[in-house]
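All of the numbers you see were taken from the coordinates with simple rules; none came from a lab. Bear in mind the structure is a predicted one, so any value in this text is a computation, not a measurement. We place every Cβ from the backbone using ideal geometry, glycine too, and count neighbours over all the protein chains shown.
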Amino acid sequence: MSDFPAGAPRPDQPPVCPRHPDRISYVRCQRCGRPACPECQRPAAVGVHCVDCVRDAARAAPATRTVLGGRVREGRPVVTLTIIAVCVASFAVQWVVPDWTARWAFSPAAGQVEPLRFISAAFLHARGSIAHIGFNMYALWLVGPYLEHTLGRWRFAALYLLCAVGGSVGVLLFASPLTATDYSWVTSVVGASGAVFGLFGAVLVVLRRLGRDAGQILVLIGINAVIGFVVPGIAWQAHLGGLVTGLALGAAIAYAPRGRRDVVAVVATAGMALLLVVLALAKYASV
């Protein structure tokens with residue numbers, strides 16, 4: 001009868017990597033003592049660690065936070081790049097599918113029947129204008145990565161989506177089914193500018209909270225606000241709605257007490273979403 005556990009190497013057998021039993025390894029992990037083949041070795045301050053110990057140590061280590069409570073992550077701004085990719089893909093589909101724009105664009109009349117349009121319009125752009133999507137994506141790239149890093153991914157994603165909704169609510173609040181102005185009850189609007197203006201508002205608050213110069217953002221907001229009123233065909237109502245939403249939600253997140261940032265962020269996000277829903281329902285009920 002054998003005195004060795006089943007599957008364990010005998011003393012006269014060479015050690016093998018637990019993850020790759022076909023590979024002999026005389027190098028052992030400094031933490032668990034198991035053999036580790038070259039593929040499973042990770043350099044450490046002393047010797048090497050195996051990939052399993054490195055993974056377990058990463059899970060046990062406390063997450064590094066930014067000054068405003070966002071989780072520090074290495075690599076690219078995933079949320080910002082995803083939003084840009086969706087907008088670009090949607091813009092391409094607009095050229096291929098004839099009714100794609102009309103199907104997802106926002107108007108007060110359409111939003112009353114299909115609430116999803118309050119968000120979907122922010123991922124569409126004027127089909128015949130490269131400048132429209134180009135400017136919005138460039139502006140998003142200017143402020144998106146900074147906010148995503150500072151606030152954290154889920155806070156930034158929630159901020160962008162709520163600012164997009166805030167832009168649509170802004171259009172709704174200034175519209176009337178009894179008038180035939182440029183932005184009437186049935187006039188459709190598209191574009192990420194409402195959400196982008198919301199990010200401008202949020203980054204303004206964040207910069208002020210951190211004691212940094214916010215003059216450039218103020219100038220940028222002012223120039224675009226003037227353009228919205230001077231150039232025809234621009235939904236300044238969406239800009240205003242997104243900006244106010246971004247300022248309010250950004251302030252709630254940026255000025256949250258240090259020990260309660262996660263709770264405040266969740267409550268503020270839910271509260272802003274509820275407020276936008278109430279404003280929309282109140283407007284619909286009044287007409």
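Note on the chain: with charges restricted to the Cβ of Lys and Arg (+1) and Asp and Glu (-1), its dipole about the Cα centre is near 760 debye. Among 37, 29, 50, a tally of other beta-carbon atoms within 10 Å of each Cβ gives an order, fewest to most, of 37, 29, 50. Cβ crowding within 10 Å, taken as a proxy for footprinting-reagent exposure, orders 78, 219, 96, 16 from fewest neighbours to most as 96, 219, 78, 16. Along the charge dipole of the chain, Cβ charges K/R +1 and D/E -1, which of 246, 112, 125 sits furthest on the positive end? About the Cα centre, the residue reaching furthest to the positive side is 246. In the chain, taking the dipole from charged Cβ atoms about the Cα centre, the farthest positive-side position among 16, 158, 77 is held by 16.
Stretching residue 142 away from residue 287 to a fully extended chain increases their span by 48.3 nm, per 0.36 nm per residue minus the current alpha-carbon distance. Assign one of three labels to segment 16-61, namely rounded, prolate or oblate, based on the Cα gyration tensor with a ≥ b ≥ c the square roots of its eigenvalues; rounded applies when a/c is under 1.5, prolate when it is not and a/b is larger than b/c, and oblate otherwise. In terms of gyration-tensor shape, prolate. When the chain is described by a simple charge dipole with +1 on each Lys and Arg Cβ and -1 on each Asp and Glu Cβ, the residue from 169, 50, 265 located farthest towards its positive end is 50. The length gained on full extension between residue 82 and residue 230, counted as 0.36 nm times the residue separation minus their Cα-Cα distance, comes to 50.1 nm.
One decimal place: the segment residue 267-residue 131 gains 45.3 nm when fully extended, by the rule 0.36 nm per residue minus the C-alpha distance. Helix by helix, which DSSP H runs in the chain go 15 Å or more along their axis at the Cα atoms and have an average Kyte-Doolittle hydropathy of 0.5 or more? Span-like helices here: 78-96, 130-151, 153-174, 193-209, 215-230, 236-254, 261-286. Among (1) 19.8, 60; (2) 26.3, 95; (3) 22.8, 80, which one is Rg and Dmax of the Cα atoms in Å computed from these coordinates? This structure yields the entry labelled (2). Here the residues 154, 95, ranked from fewest to most Cβ neighbours within 10 Å of their Cβ, fall in the order 95, 154.
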